[in-house]
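The values are calculated or read from the model by the stated rules, or taken from the named source; none is laboratory data. Predicted model only: the values in this text are computed from it and were never measured. All Cβ positions, glycine included, derive from the backbone under ideal geometry; neighbour counts span all protein chains shown.
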Amino acid sequence: MCGIAGLFDYMDSSTAESLGRELKGMTDALSHRGPDDSGAWNDADLPLFLGHRRLSIIDLSEAGHQPMLSASGRFVIVFNGEIYNFKDLAALLGKEGVRFRGHSDTEVLLAAIELWGLSKTLGQCTGMFAFALWDKKEKLLHLARDRIGKKPLYFGHHDRKFVFTSELKSLHALDGPKPEIDRNSLALFMQNNYVPSPWSIYKGIYKLPPGHSATFPINKTSAWAQEDFFENITPYWTVRDAAQNGVNNPLDVSIDEALEALQGTLSKAVSQRMIADVPLGAFLSGGIDSSLIVSLMAENSSLAAKTFSIGYKEKAYNEAQHAKKVAAHLGTDHTELYLRPDNALNVLGDLPQIYDEPFSDSSQIPTLFVSQLARQHVTVALSGDGGDELFYGYARYFEGDNLKNKASMIPAPFRKGAAACIQNIPTGAWRTIMGGRSGHRMHALADFLTLQYADQQYAFLMTHWKNAYALVNGAQERDRYFSAYDVTNTENFTHLMMLHDQLNYLPEDNLVKVDRASMAHSLEIRSPLLDHNVIELAWRIPMRLKYHDGEGKIILRRLLERYIPKELFDRPKQGFAVPVAEWLRGPLKDWGENLLNADRLREEGFLNAELVRERWDEHQNGTHDWHPRLWNVLMFQQWYEHWHK
């Protein structure tokens, strides 16, 4: 795992010395991603500079040093990530007469590109990666990112230069003005926990979408507008295509046959991800996904796996007790850490530096701590990321299906009227009539009834600040780049929700969270469930083997039963959550009060101070639980204070 950066002065207005200094600042800002080595390369004829920071995982020798030149000298690469099937590719290349000086996956990747071309090579690679490839002969700069978006890659304009980097913090090492905050992107962040691809929080800077490559001609007259960027970006694999193929070609098999197919595919993915020249372990929550991954690790190795988990004293959030039982059954070398509110307080000041774009999934905190814990013992850890999105694991899938079924009982012409009638009765009155949380649920149903399209209904379930354009001063609505609605044969609303999650929530939230938290501690995370072969197979597995009669992840549960007793994992899903609602009324209250001071909000000018204060006060007096919305605002406020004050 590594960090990459580069810049091209298309105005040719800087000296080679100053550009080299700027590049060093960019790569130094990524030292946590690659503490073991650094390197730089510049073109002799053009003001193009490539930089690299290395975390040594495979081939720890100098033969793995980057930037790396191809055997012919035509290509130069800076590469972040892992090619898990590089040994298979090396064997194929060897039959073509290719000889290697080392045994790194980067060298294999370069040799494949030289022999097969970039497009074919990307189709052959199984891995997680982001890289920049300079073609000296054709004067083309290629950027590429892995299929599901495990590794980040930003690119765009800054102060008359074209730049790319693994993390936005590199931009602050460049000469010239600070990058400008994009208010439209800020509104998207308030809606989603994250800024979705291809946008970033800064104007003129974009994310390369997962499964895409981009090609830019580099010469002394190069200068590209935004629309030119998008014209140069092309997909080589997409979740949308995998979903389309899966729903059009479902497996017609029994559950036993489906189990055999899944076990073989997932076991191979686990085995490939256990290849490393450094110590290896796994995250273990005690849930279905991580327990299955650790079970398959045990099956693929005679050595006891090292496993790590996080716990809380608050029982509603604590999974550590379950992880401990699973670890004991599988015979792992298990380590656990219990978090307290003061642990969160101590790490809050680090979040803007680690998540250098506004990011507000509060499980970022335990992810940081479990990464720190694991790094004390290993350099690589496997995780269970992807199981919920692929196999019907989230509560919102049940909630969405429930709302969809209730809405379908009301004829379409009468839905708006029914919604108005429901909303005319206050939530408190509904609570009196029906008990429990029925008031909020009835109003949620009313809102759902007014939505016409499945995309809108999914967004309703996922959005935090539904009035984000009233919250962010001066923001204008921007269309989402990825939509699931145009996939045919997805009348099943659950399919649409799962596809949306794989297009958006998974790469933009879950994988960002894990990448930044792990890389902050120079730890590499590998996720076997996100192998593209597993994803493609999952989309072909019939829904009846994922969800039936109120139970999700059916096929994963049945597979896990082959390794551990059902009673060790058969319980309601808890998630990797943090008791933020309680903490904001207690140990984090003063911290939040300072960041949400009304005068401060007005002076900064980004957010509607009155609306923020209203939500904060309602949360404090207990009339509403606004903690997801407030965490979004708090994370932006802290990020802004760190990077722009």
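Going by the structure shown, is LYS220 farther than 21 Å from VAL514 by Cβ, of a type in the set (D, E, K, R) and modelled with pLDDT of 95 or more?
The answer is no for LYS220.
Is segment 102-114 home to any residue that is at pLDDT below 95, of a type in the set (Gly, Ala, Ser) and under 28 Å from the mean Cα position of the chain (by Cα)?
Yes: one or more hits.
For the structure I just gave you, tell me whether ALA598 is without any contact (Cβ under 8 Å) to a residue 24 or more places away in the chain and hydrophobic (A, V, I, L, M, F, W, C).
Yes; evaluated as a whole, the condition is true for this residue.
What pairs come up if the first residue lies in segment 45-59 and is in the same structural domain as ALA173 (by TED's automatic domain parsing) and closer than 13 Å to ARG33 by Cα, the second is modelled with pLDDT under 80 and crowded, with 24+ Cβ neighbours inside 10 Å, and their beta carbons are under 9 Å apart, counting only those six or more places apart or on different chains?
Note: pairs meeting the criteria are ARG54/MET1; LEU55/MET1; ILE57/MET1.
For residues that are modelled with pLDDT under 95 and over 22 Å from the mean Cα position of the chain (by Cα), scanning just segment 29-42, find the one that is nearest to VAL278 (Cα to Cα).
This residue is ASP36.
If you check LYS169, LYS151, which single one turns out to be among the charged types (D, E, K, R), surrounded by 24 or more Cβ atoms within 10 Å (Cβ to Cβ) and not in a strand (DSSP E or B)?
LYS151
Tell me the residue from PHE162, PHE216 that is among the hydrophobic types (A, V, I, L, M, F, W, C), over 19 Å from LEU23 (Cα atoms) and in a strand (DSSP E or B), please.
Result: PHE216 is the single residue among PHE162, PHE216 that is among the hydrophobic types (A, V, I, L, M, F, W, C), over 19 Å from LEU23 (Cα atoms) and in a strand (DSSP E or B).
For residues that are in contact (Cβ under 8 Å) with a residue 40 or more places away in the chain and touching a Ser or Thr at 6+ places or on another chain (Cβ under 7 Å), scanning just segment 18-44, find the one that is surrounded by the fewest Cβ atoms within 10 Å (Cβ to Cβ).
Checking each candidate, the answer is PRO35.
Would you check if GLU582 is within 19 Å of ASN343 (Cα to Cα), charged (D, E, K, R) and part of a helix (DSSP H, G or I)?
In short, yes.
I need a count of the residues in segment 294-339 that are over 26 Å from ALA276 (Cα atoms), surrounded by fewer than 14 Cβ atoms within 10 Å (Cβ to Cβ) and modelled with pLDDT of 80 or more.
2
Do we find a residue being on the phi > 0 side of the Ramachandran plot and either in the same structural domain as ASP590 (by TED's automatic domain parsing) or surrounded by fewer than 24 Cβ atoms within 10 Å (Cβ to Cβ) (or both) anywhere in segment 353-361?
For segment 353-361, residues on the phi > 0 side of the Ramachandran plot and either in the same structural domain as ASP590 (by TED's automatic domain parsing) or surrounded by fewer than 24 Cβ atoms within 10 Å (Cβ to Cβ) (or both): absent.
Could you say whether any residue in segment 620-640 is over 29 Å from ARG183 (Cβ atoms) and basic (Lys, Arg)?
No: zero hits.
Mind counting the residues in segment 1-47 that are of a type in the set (Ser, Thr, Tyr) and assigned to a strand (DSSP E or B)?
1
In this structure, does GLU96 turn out to be at pLDDT below 95 and under 26 Å from ARG516 (Cα atoms)?
For GLU96, the condition - at pLDDT below 95 and under 26 Å from ARG516 (Cα atoms) - is not met.
Could you grab me the full set of residues in segment 194-210 that are part of a loop (DSSP other than H, G, I, E, B) and touching a Gly at 6+ places or on another chain (Cβ under 7 Å)?
Correct list: GLY204, PRO210.
Pairs, please: C-beta under 8 Å, at least 6 apart or cross-chain, first residue under 12 Å from THR307 (Cα atoms) and in contact (Cβ under 8 Å) with a residue 24 or more places away in the chain and in segment 273-284, second of a type in the set (Phe, Trp, Tyr) and crowded, with 19+ Cβ neighbours inside 10 Å?
GLY281/PHE308; ALA282/PHE308; PHE283/PHE308; LEU284/PHE308
Residues PHE189, PHE230: which one is surrounded by fewer than 17 Cβ atoms within 10 Å (Cβ to Cβ), assigned to a helix (DSSP H, G or I) and under 22 Å from the mean Cα position of the chain (by Cα)?
PHE230
Quick grid of which residues meet (1) free of Cβ contacts under 8 Å to residues at least 40 places away in the same chain; (2) in the same structural domain as GLU508 (by TED's automatic domain parsing); (3) in a strand (DSSP E or B); (4) among the charged types (D, E, K, R):
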| residue | (1), (2), (3), (4) |
| --- | --- |
| VAL247 | no, no, no, no |
| VAL253 | yes, no, no, no |
| LEU259 | no, no, no, no |
| ALA304 | yes, yes, no, no |
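Test each condition in (1) buried (at least 22 other Cβ atoms within 10 Å of the Cβ); (2) at negative phi; (3) in contact with a helix residue (DSSP H, G or I) (Cβ under 7 Å, 6 or more places away or on another chain) for ARG558 and report the one that comes out false.
(1)
If GLY550 satisfies every condition in (1) touching a Phe, Trp or Tyr at 6+ places or on another chain (Cβ under 8 Å); (2) surrounded by 14 or more Cβ atoms within 10 Å (Cβ to Cβ) but one, which is the exception?
Of (1) touching a Phe, Trp or Tyr at 6+ places or on another chain (Cβ under 8 Å); (2) surrounded by 14 or more Cβ atoms within 10 Å (Cβ to Cβ), only one is false for GLY550: (2).
So GLY331 passes all but one of these: (1) over 21 Å from the mean Cα position of the chain (by Cα); (2) on the phi < 0 side of the Ramachandran plot. Which condition number does it fail?
(2)
Might you let me know whether segment 477-490 holds any residue that is surrounded by 14 or more Cβ atoms within 10 Å (Cβ to Cβ), farther than 27 Å from ASN632 by Cα and at pLDDT 75 or above?
no
Report yes if ALA328 is in a helix (DSSP H, G or I) and not basic (Lys, Arg), otherwise no.
Spelling it out, ALA328 is indeed in a helix (DSSP H, G or I) and not basic (Lys, Arg).
Grab the helices (runs of 4 or more DSSP H) fully contained in segment 335-388, keeping just those with 3 or more residues being among the β-branched types (Val, Ile, Thr).
The qualifying helices (runs of 4 or more DSSP H) are 364-375.
Determine the pairs where a residue that is in contact (Cβ under 8 Å) with a residue 60 or more places away in the chain, located within segment 93-111, has a partner that is hydrophobic (A, V, I, L, M, F, W, C) with Cβ atoms under 7 Å apart, the partner being 6 or more residues away or on another chain.
none
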